[in-house]
1. Among the helices (runs of 4 or more DSSP H) lying completely within region 164-280, list those that include at least 3 residues that are in contact with a helix residue (DSSP H, G or I) (Cβ under 8 Å, 6 or more places away or on another chain).
2. Which numbered condition in (1) within 13 Å of ligand 2 (Cβ to nearest atom); (2) modelled with pLDDT under 95; (3) out of contact with any strand residue (DSSP E or B) (no Cβ under 7 Å at 6 or more places or on another chain) is the only one that residue 78 fails?
3. Select from region 20-68 the residues that are crowded, with 19+ Cβ neighbours inside 10 Å, part of a loop (DSSP other than H, G, I, E, B) and more than 13 Å from ligand 1 (Cβ to nearest atom) and list them in ascending order.
4. Return a yes/no flag: does region 21-42 have any residue that is modelled with pLDDT under 95 and more than 12 Å from ligand 2 (Cβ to nearest atom).
5. Please go through region 177-188 and give me each residue that is within 19 Å of residue 60 (Cβ to Cβ) and not aromatic (Phe, Trp, Tyr), ordered by number.
6. So, in region 69-121, of the ones that are assigned to a helix (DSSP H, G or I) and of a type outside the set (A, V, I, L, M, F, W, C), which residue ends up nearest to ligand 1 (Cβ to nearest atom)?
Amino acid sequence: MPIHVLPEFLINQIAAGEVVERPASVVKELLENSLDAGARSITVEVEQGGKRLIRVTDDGHGIAKADMNLALQRHATSKITSLEDLEAVASLGFRGEALSSIASVSRLRLTSRTDGETHAWQISIKSQETATAMPAAGETGTRIELRDLFYNVPARRKFLRTDRTEYSHIDELVKKMALARFDVGFELVHDGKTVRRLPPAIEPEMQAQRVARLCGSEFLDHALVIDEQTGDLSLQGWVAEPRYNRAHADRQFFFVNGRIVRDRVIAHAVRQAFRDVLFHGRHPAFVLYLQMPARAVDVNVHPQKHEVRFRDSRMVHDFLYSSLHRRLADAGVGAGALRPGTEVAEGGSGSAVTVFPRQVGMGLGIREQISQYAPSRMRYGRLSGTFYSMAVTRRLCCIYRCRPARLM
Ligand SMILES: Nc1ncnc2c1ncn2[C@@H]1O[C@H](COP(=O)(O)OP(=O)(O)OP(=O)(O)O)[C@@H](O)[C@H]1O
Ligand SMILES: [Mg+2]
């Protein structure tokens, strides 16, 4: 086959393959656009897990009538103009390809009104042709509505899961965005029913309330507040003390300059900080915000922008590790705070906990009993008539006094 340049529409569909994995990825792009537009209130409406309809309405600065078609073109953006900008991206978006990708795999309608206009304008996109803007009703802000995701790419549609599963991804995404931006109100409506309504949370108590609503009040009850600063780096948020730990890494939210990210450097630093106080296979819980100069982090490394690259990853790692480690130790729940043979804190399953070096603790001869419910490295037993649970980490052995009822 001779070499030829692909048609624009196909190029967009190929790009959509990277950017639009499922309805939740569309919601992510639209929410990011709304936040970049300075929205203070955003409503997300979805039907059938987002497969049938996704509608995001914001009160941001809107798109001028003359720019509406441009916004849907590939590589068209208002967020960067030069390489310099790209090296210090302050907005969530910058690639100028989300809307064109989304429009290439769905039926999209864009309605927007800027300040000073007397009414909104609307365009409906059909097969990537330039559309004529029509007057429409609407307040200042933007509404993007798309129907029948992947209607023209049946192979992709087949990969979608049940409505329920797709909806749960959207809910999780909205949750992350709501944790990222306390100053913005969010509403999530699924199949006509309001599922989440989160007013803006400006005061610290309101922010804590939002965290409790999104992560559970148990998380907040066990959370230590983090507020650390070293040079240009600052870390704020909440980290749960080790006894509130999880079987899955499902309460781990890490934001870098307001962007939710998964990152190996971060994950390693957190794991290290918890290394001696968590059992193997258990996961810590946290909601953490790292702020750093935009130039110190490269956000242009992943099509969906889930990952970042730190220019000095060692420094970031050490800052995170030492901040978390110190905070746990200060609260008397970190390995640094534990002295062999001392009683230091409430045990997960009973009263006081005594900590020994591993070999000493293991050699105490607690008669193992019971229990099929015990997590793999948690053992239960009895010593001199008192019931204990014993947790063994790589370096330490923690012995908790506990109630017999716990053992039965
Ligand atoms: N909700 C919105 N409010 C105001 N302007 C918007 C909104 N959504 C999109 N835009 C405008 O449309 C442009 C294109 O959006 P699109 O999401 O395709 O690209 P981007 O956000 O610039 O970059 P990225 O592809 O990384 O998301 C944006 O740069 C912005 O100017
Ligand atoms: Mg965008």
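The values are calculated or read from the model by the stated rules, or taken from the named source; none is laboratory data. Nothing here was measured: the structure is a model prediction, and the numbers come from that model. Because the Cβ atoms are built from the backbone with ideal geometry, glycine has one as well, and the counts that use them run over all protein chains shown.
1. The helices (runs of 4 or more DSSP H) meeting that bar are 204-215, 264-274.
2. Status for residue 78: all satisfied but (2).
3. Answer for region 20-68, where residues must be crowded, with 19+ Cβ neighbours inside 10 Å, part of a loop (DSSP other than H, G, I, E, B) and more than 13 Å from ligand 1 (Cβ to nearest atom): 22, 51.
4. yes
5. 177, 178, 180, 181, 183, 184, 185, 187, 188 - these are the residues of region 177-188 that are within 19 Å of residue 60 (Cβ to Cβ) and not aromatic (Phe, Trp, Tyr).
6. 100
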